[in-house]
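Inspection log for the structure reproduced underneath, given as structure tokens.
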Amino acid sequence: MDNQDVAQSLLKLAKSLTAGFHPKDDLLRGITFEELIDTVYSNEQTRDEKAVKKVFEELLKASVAEARSELRSNLKEIVKAADQE
């Protein structure tokens with residue numbers, strides 16, 4: 001491997017480290033039962049089925065919004081990666 005090959009390898013590595021996404025990362029973050037329970041406990045005065053459903057929908061909405069934002073930010077790189085498969 002000559003200096004040019006090493007430089008190309010290092011450049012490729014640097015690009016992958018600074019990429020906006022990594023293919024094995026989660027796009028849509030998970031919501032745990034613990035997070036749901038803690039959020040209901042912390043934010044709701046009335047802790048009933050209606051409150052649990054409301055908080056779940058809020059967490060889900062926030063998670064989907066975050067995933068959509070990540071998708072928009074990385075769409076070109078995702079298409080490029082999909083095209084290389």
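The values are calculated or read from the model by the stated rules, or taken from the named source; none is laboratory data. Computed from a predicted model, the values in this text were never measured in an experiment. Note that each Cβ is placed from the backbone with ideal geometry, even for glycine, and that neighbours are counted across all protein chains shown.
A few remarks follow.
- Condition met for THR39 (among the hydroxyl-bearing types (Ser, Thr, Tyr), in contact with a helix residue (DSSP H, G or I) (Cβ under 6 Å, 6 or more places away or on another chain) and at pLDDT 95 or above): yes
- Members of segment 49-85 found to be exposed (fewer than 13 other Cβ atoms within 10 Å of the Cβ) and either in contact with a Gly (Cβ under 8 Å, 6 or more places away or on another chain) or in a loop (DSSP other than H, G, I, E, B) (or both), listed by number: SER73, GLU85
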